[in-house]
Amino acid sequence: MADLQVANTILAQLGGRRFIAMTGARDFIGGDNHLMFSLPKGFAKEGINKIRITLDWTDTYIFEALKFYRGPELKFDTIKKMDLVYADDLEDIFTSITGLDTHL
């Protein structure tokens, strides 16, 4: 069973319940070192519908904005990937990449 401490910490750093309410984020999947979630279709810019945030060995995050496609095969494009993201910057980076505010 995966340790969800890192995933829960990432969600808290994004804003927790306030973040979920503001962005419509859902379908959270957490692992030992990451958090991945979906955004509503057509809500974020550039068709972004998945976000994956991974804690790396430098104690910073890798932030990936993805666009998943359904069809005969599941495909995805990486719309934007940023390395060396500090926890304090997660909300601002999320907003700049997706166009979605994380708070009022």
### Task
Please find, within segment 69-91, the residue that is farthest from Asn49 (Cα to Cα) out of those that are crowded, with 16+ Cβ neighbours inside 10 Å and of a type in the set (Asp, Glu).
Asp89
### Query
Do we find a residue being free of Cβ contacts under 8 Å to residues at least 12 places away in the same chain and under 14 Å from the mean Cα position of the chain (by Cα) anywhere in segment 77-86?
no
### Task
Have a look at Phe63, Phe94 and point out the one that is under 21 Å from Ile20 (Cβ atoms), under 10 Å from the mean Cα position of the chain (by Cα) and either without any contact (Cβ under 8 Å) to a residue 40 or more places away in the chain or exposed (fewer than 13 other Cβ atoms within 10 Å of the Cβ) (or both).
Phe63
### Failed criterion for Gly30 (all others in (1) under 23 Å from Gly99 (Cα atoms); (2) surrounded by 15 or more Cβ atoms within 10 Å (Cβ to Cβ) hold)
(1)
### Task
Determine, yes or no, whether Thr95 is among the polar types (S, T, N, Q), within 18 Å of Arg26 (Cα to Cα) and in a helix (DSSP H, G or I).
yes
### Task
Starting from segment 2-15, keep only residues that are within 8 Å of Asn33 (Cα to Cα), then list their pairs with residues that are of a type in the set (Asp, Glu) whose Cβ atoms are within a distance under 8 Å, requiring at least 6 positions of separation or different chains.
Val6/Asp32
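Taken together, the values in this text are just the output of simple stated rules run on the coordinates, not laboratory data. These figures come from a predicted structure and were not determined experimentally. Counting neighbours? That spans all protein chains shown, and the Cβs are built from the backbone with ideal geometry, glycine included.
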